[in-house]
Amino acid sequence: MSTVEERLLPSAEPVRLIDEHGAAHDHAQYQLPPAETLVDGYAQLVKGRRLNDQASALVRQGRLAVYPSSHGQEACQVAATMVLGDQDWLFPTYRDTVAIVSRGVDPIETLTLLRGDWHSGYDPYERKVAPQSTPLATQLLHAVGVAHAARLKGEDTVVMALVGDGGTSEGDFHEALNFAAVWHAPVVFFIQNNEYAISVPLAKQTAAPSLAHKGIGYGVPGERADGNDLAGLLAVLGAAVGRARAGEGPQLIEAHTYRVQAHTNADDASRYRDDAEVAPWLERDPIKRLDAYLTGAGLLDDDKRAAAASAADQTAEYLRVGLMEDVHPDPAELFQHLYSTPTPQLREQAAFLADELAREEA
Amino acid sequence: MTHVKLSMAQALNQALRDAMRADDTVLMFGEDVGALGGVFRVTDGLTAEFGEARCFDTPLAESGIVGTAIGMAMNGMRPVVEMQFDAFGYPAFEQVVSHVAKMRNRTRGRVSLPMVIRMPYAGGIGGVEHHCDSSESYYAHTPGLTVVAPATVADAYWLLRRAIEFPDPVVFMEPKKLYWAKDEIDLGVAEPGIGQAVVRREGADATLIAYGPTVPVALEAAEAAAAEGRQLQVVDLRSIVPFDDETVCAAVRRTGRAVVVAEASGFASVSSEIVARVTERCFHSLAAPIRRVTGFDIPYPPPHLERHQLPSVDRILDAVDDLQWEDS
Ligand SMILES: Cc1ncc(C[n+]2csc(CCOP(=O)(O)OP(=O)(O)O)c2C)c(N)n1
Ligand SMILES: [Mg+2]
């Protein structure tokens, strides 16, 4: 028998299985994932980091309009997708490019939005990844709807719904948790608490003891994990996905991490925080610590490290080459997709633009 | 025997029932739509016939209702949701504008959202504050939405059936004051589809253009005008988006004079759009500027004052009188 509090409140401390020095720690509830999972995860972290940094560089070169990097948050990005099966859905935000690519979506298609080519570039049904959501927390409700429909159809689907710390203040966060709880929908709400919403620190966002504590008000179990510890995240998110799949309803997980870079390349973080605040977080880097642990455990050597780096280089190269090509989106497409059958008015407007373009060319 | 005498609310109920019988992915949900059958009884008996999984009450949150409907539509369902009243649809506005309307476009046609947002709307029922808004212009202004408003019992049935079958999201505006209006209809004979306006009454002298709650008022005005020897044609838009330029403009060209009748405030509204587009297209056929009879640009009045806001037969006839008749 457990009390409501035991069932619904998060652990007293964020779950951490590997600390920032790479030392493993036992946990009463969660176990270290298998060695091969961690080695695979390491390679994905390295690739994610490379993707983040390459994309930021491509912004500086004018090949991307903007890039909200998850540099430093790669453990969250990778863990969120590693715990999913093919039948599961991912609902990402603008910051979750690495998670989308980890899910198997083509990186160039993923970056279509940020490249300014179209609002979303991949087929959401192909890898079961919803379009990246920019209106904060709105995607959480779609996630609940997808999960509820899956249950009605008798499908074994779990939905991973991503949101930032700032997004938890939005009304849709509340509505999504409440609907999911009442409907017992198989959704894992995964908050990447990176301490900032653009310039606004968490203290101005909430007075809750932690974001994971918000679950109890809805009857949703909350749990928290060290957001830079891939092992702990895999254990916590994996258990949450398992419970949701087993019919135990929605789960709320908060990862404690940090946005080590500015909100996007267009932001100037020096206006609202000191470098001194950032420095300790660089020491808690998710790749560094997993590298240290795996090396110490004899699971990672220079060959494997080089293999991971070279796979990451290939992704970066793929991005560089792919994004160097200029895009020439077809203006006619502006009118094509609003409706299954374009309205007469849109057909007129398409003809108008086509005519204008023809005259420009003549 | 498909002839039945129904109120508009009953016709909507029948449409939902028939749609749910025909397709088990059709779901109906919202506030008080289960055991109660909706505050206007439009969903009466649906939970009893189809069970809790098909027609159900949700937590009280409109953004949640529309937002989860989006997810269900993404995943194989055809959700129909009810906003309890026009003005209580506003909490869902972000979901409607940023996702319902845009999903298909942003995913380049890969994700269509076959969903219907039912919205009891407009006044004339003595409703207090926040229960009588004519909010259609907000939706009509938003590219990607389809917006329809039935004015007859037969259209309530057929437009709702069509809306539920439609591959894209439809905002379905139900004129509250017509919920109890009865008519004998033939469920075996389909009415024209979404996107088509119809001429409800022929008349050679001037055209009244109306939709939703103002159609019966326009017909009444035409009846009164006929008694005075002036023949007014009445066009019922039925579909605000897509707009049937062809039918409307043809009707206006036949008469050379037109009055638009709408309950919503006139400024930056569906009625102003109609005047603009008909003028652009029919200028040379017009004998007089198109007039409008609309609500004033004020919040919907309290019940004791609402008659001043609603388009009336007299106001319509006065507007018609103003259409620069040579003999006057
Ligand atoms: C509804 C809404 N309001 C405002 C914005 C502008 N905006 C974009 S990102 C952001 C901060 C979000 O912070 P958080 O949820 O913590 O996510 P993070 O960017 O840290 O990943 C804001 C205010 C938005 N996208 N959507
Ligand atoms: Mg944040």
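Summary of computed values
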| item | result |
| --- | --- |
| Contact surface A-B: accessible area buried, both sides summed, square angstrom, 1.4 angstrom probe | 3700 Å² |
| Whole-angstrom Cα spans of region A:169-247 along principal axes, big to small | 39, 30, 19 |
| Out-of-range pairs (alpha-carbon distance over 21 Å; input A:Lys153/A:Lys214; A:Lys128/A:Lys304; B:Lys5/B:Lys176; A:Lys128/A:Lys288; A:Lys128/A:Lys214) | A:Lys153/A:Lys214; A:Lys128/A:Lys304; A:Lys128/A:Lys288; A:Lys128/A:Lys214 |
| Occluded residues from region B:100-115, i.e. those whose accessible area drops by 50 Å² or more once the chain is not alone (1.4 Å probe) | B:Arg104, B:Asn105, B:Arg106, B:Arg108, B:Arg110 |
| CD proxy at 222 nm, helix term only [per DSSP H run n ≥ 4: -39500 (n - 2.57); per residue of chain A; nearest 500] | -14000 deg cm²/dmol |
| Loop-resident sites, region B:209-258, for GluC sites (Glu not before Pro), counting at most 13 other Cβ within 10 Å (DSSP) | B:Glu228 |
| 15 Å cut-off, amide nitrogen to a point 7 angstrom out along B:Arg21 Cα→Cβ, residues in region B:35-62 | B:45-51 |
| Choice from A:Ala240, A:Ala307, A:Ala161 showing the highest fluctuation, given a GNM over chain A with Cα pairs closer than 10 Å | A:Ala307 |
| Environment charge at A:Gly322 (Cβ cut-off 13 Å; Lys +1, Arg +1, Asp -1, Glu -1) | -3 |
| Partner chain coverage, peptide A:325-331 - average Cβ within 10 angstrom | 0 |
| Calculated P(r) tail over 20 Å for region B:8-186, as whole % of Cα pairs | 48 percent |
| Principal axis dimensions, region A:22-106 - Cα atoms, whole angstrom, descending | 48, 33, 19 |
| Kirkwood Rh and Cα Rg combined as Rg/Rh, chain A | 1.00 |
| Accessible carbon and sulfur surface of chain A relative to its total accessible area, %, 1.4 Å | 51 percent |
| GluC sites (Glu not before Pro) restricted to region B:263-328 and DSSP loop, no more than 11 other C-beta within 10 Å | B:Glu326 |
| Convex hull of chain B built on C-alpha atoms - directionally averaged projected area, nm² | 16.8 nm² |
| Cα-Cα separations in region B:212-328 greater than 17 Å, expressed as whole percent | 56 percent |
| Highest average packing first - B:53-59, A:19-25, A:52-58, A:188-194, Cβ atoms within 10 Å | A:188-194, A:52-58, B:53-59, A:19-25 |
| Rounded FRET efficiency, nearest 0.05, which uses the C-beta distance separating A:Glu333 from B:His284 and R0 of 30 Å | 0.30 |
| Kirkwood-based Rg to Rh ratio, region A:199-342, C-alpha trace | 1.07 |
| Value of D in µm² per second that Stokes-Einstein yields for the protein assembly as shown, Kirkwood Rh from Cα pairs, at 20 °C (1.002 mPa s) | 78 µm²/s |
| Convex hull volume of region B:4-91 per residue (C-alpha atoms, cubic angstrom) | 88 Å³ |
| Burial of 10 Å² or greater, region A:170-202 residues [accessible area, probe 1.4 Å, versus chain by itself] | A:Asp172, A:Glu175, A:Asn178, A:Phe179, A:Val182, A:Trp183 |
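The values are calculated or read from the model by the stated rules, or taken from the named source; none is laboratory data. A quick note: this is a predicted structure, and the numbers were derived from the prediction, not measured. With ideal geometry, Cβ positions are generated from the backbone for all residues, glycine too; neighbour counts draw on all protein chains shown. Surface areas here come from the heavy atoms of the whole protein model, side chains and all, with no ligands, DNA or RNA. Shrake-Rupley method; radii C 1.70, N 1.55, O 1.52, S 1.80 Å.
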